[in-house]
Amino acid sequence: MSAISPPTTSQHQFPCAQCGANLQFAPGTDSLKCPYCGMQQEIPGVPEHIRELDFVAYLQQLPDGDGVHEALTVHCTNCGAETGMQPDVTAALCPFCGCGIVATGSSKKAIRPQGVLPFKVAKDDALKLFQKWVAGLWFAPNALTKQAQCAVIHGVYVPAWTYDANTETDYTGERGEDYWETETYTETDAEGHTVTRERQVQKTRWWPARGHVRNTFDDLLVMATRTLPGKYLNKLQPWDLPALLPYADEYLSGFVAESYQVALGEGFEVAKGMMQPVIHQTICRDIGGDHQRVSTTNVDYLNITFKHLLLPVWISAYQFQAKTYRFLVNARTGEVQGERPWSWVKIMVLVFAIIAIIAIIVGIAASR
């Protein structure tokens with residue numbers, strides 16, 4: 001199933017009491033703010049705790065259930081992103097690739113978000129970070145710096161899952177215990193005589209091992225987007241998950257929410273891969289000895305729960321010489337990651353300069 005999270009910004013508006021414009025969430029605050037008259041409205045109180053949802057129950061009830069609803073999305077034919085659009089907008093640039101999209105919506109079943117990390121880094125600050133990042137790039141085309149001065153930056157909520165689980169693992173393997181043996185050997189001494197000597201050699205004796213271990217995992221984070229480059233998205237971590245707030249539509253006002261492309265069950269398979277190294281370490285500790293070999297494991301996953309989250313990212317998707325590059329800012333911490341073009345002219349000039357310097361050095365050395 002291709003589950004899609006709700007693009008709430010295309011369905012809910014928060015009119016300003018003074019001028020009627022749509023209020024937008026103000027990063028770093030707990031308020032909505034009018035972009036025209038500046039009026040602020042505090043976001044109503046929300047529940048203190050984010051509810052963990054039963055993983056097995058949701059897999060069985062999809063596409064129907066209390067936490068599942070119809071979500072209207074807009075599809076970008078260039079990069080495949082599925083998002084909501086701002087109220088009353090019929091055409092815009094895709095925040096993920098910079099290409100034009102027309103708001104032809106489609107409806108799909110969706111799991112509602114349980115938590116959100118609101119934007120903390122303001123748009124102007126994110127844009128300055130982008131311009132500083134571009135200015136610091138080595139061997140970047142000169143035109144890129146000029147383009148960065150007029151870059152368009154978008155605030156996007158990126159979908160993610162977190163998983164909690166208990167594991168029970170039966171294993172078989174071997175425990176290695178080191179011991180020392182005295183070994184004799186012959187060698188020729190300084191006077192040419194053959195002499196017999198002794199030395200201590202470490203060896204390992206292996207014993208069969210089997211057992212049962214338990215592990216508890218909490219908030220394993222799995223990004224649920226395929227639109228953004230995973231290499232850079234992963235480097236935006238860590239996310240301050242303890243600061244998560246229960247989901248409220250107000251936090252999305254003025255921003256775009258991407259629909260999740262990694263389904264609930266698929267995300268848990270990724271989480272299993274994250275659990276394996278920890279389970280392996282626990283088994284090795286349980287085996288004991290000086291060395292361990294793990295032959296077989298049989299893992300049961302119990303009490304699995306999950307949350308669907310929205311994480312804030314500032315994105316600048318810019319076109320340079322007919323190719324799309326994306327720049328990402330963690331809108332909580334200000335961590336910067338991005339794709340960049342290279343100036344092969346500058347690189348070749350440097351290469352030729354190095355070759356020329358080497359030739360001069362060699363020439364001077366040869367003339368001496």
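The values are calculated or read from the model by the stated rules, or taken from the named source; none is laboratory data. Predicted model only: the values in this text are computed from it and were never measured. Please note: Cβ atoms are built from the backbone with ideal geometry, for glycine as well, and neighbour counts cover all protein chains shown. Only protein heavy atoms, including side chains, enter the accessible area calculation; ligands, DNA and RNA are left aside. Shrake-Rupley method; radii C 1.70, N 1.55, O 1.52, S 1.80 Å.
Annotations for the structure displayed:
- Just so you know, in segment 192-211 the residues that are surrounded by 11 or more Cβ atoms within 10 Å (Cβ to Cβ) and small (Gly, Ala, Ser) include one that is nearest to Val116 (Cα to Cα), and it is Gly211.
Table: residues versus (1) of a type in the set (Val, Ile, Thr); (2) in contact with a strand residue (DSSP E or B) (Cβ under 7 Å, 6 or more places away or on another chain).
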| position | (1), (2) |
| --- | --- |
| Trp239 | no, yes |
| Val278 | yes, yes |
| Gln281 | no, no |
| Asn298 | no, yes |
| Leu302 | no, yes |
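- Among the residues of segment 242-281, the ones that are part of a strand (DSSP E or B) and aliphatic (A, V, I, L, M) come to 3 in all.
- Residue within segment 209-218 that is touching a Lys or Arg at 6+ places or on another chain (Cβ under 7 Å), among the aliphatic types (A, V, I, L, M) and either touching a residue at least 60 places away in the same chain (Cβ under 8 Å) or not in a helix (DSSP H, G or I) (or both) present: yes
- Condition broken by Phe25, with the remaining ones in (1) in contact (Cβ under 8 Å) with a residue 12 or more places away in the chain; (2) of a type in the set (A, V, I, L, M, F, W, C); (3) exposed (fewer than 15 other Cβ atoms within 10 Å of the Cβ); (4) touching a Gly at 6+ places or on another chain (Cβ under 9 Å) satisfied: (3)
- Residue that is farthest from Glu174 (Cα to Cα) [pool: residues in segment 273-324 that are β-branched (Val, Ile, Thr) and open to solvent by 70 Å² or more (accessible area, probe 1.4 Å)]: Thr297
- Test: residue in segment 229-243 that is open to solvent by less than 40 Å² (accessible area, probe 1.4 Å), among the acidic types (Asp, Glu) and modelled with pLDDT under 95: no
- Strands (runs of 3 or more DSSP E) contained in segment 92-191 and holding at least 1 residues surrounded by 11 or more Cβ atoms within 10 Å (Cβ to Cβ), in contact with an Asp or Glu (Cβ under 6 Å, 6 or more places away or on another chain) and modelled with pLDDT of 90 or more: 154-188
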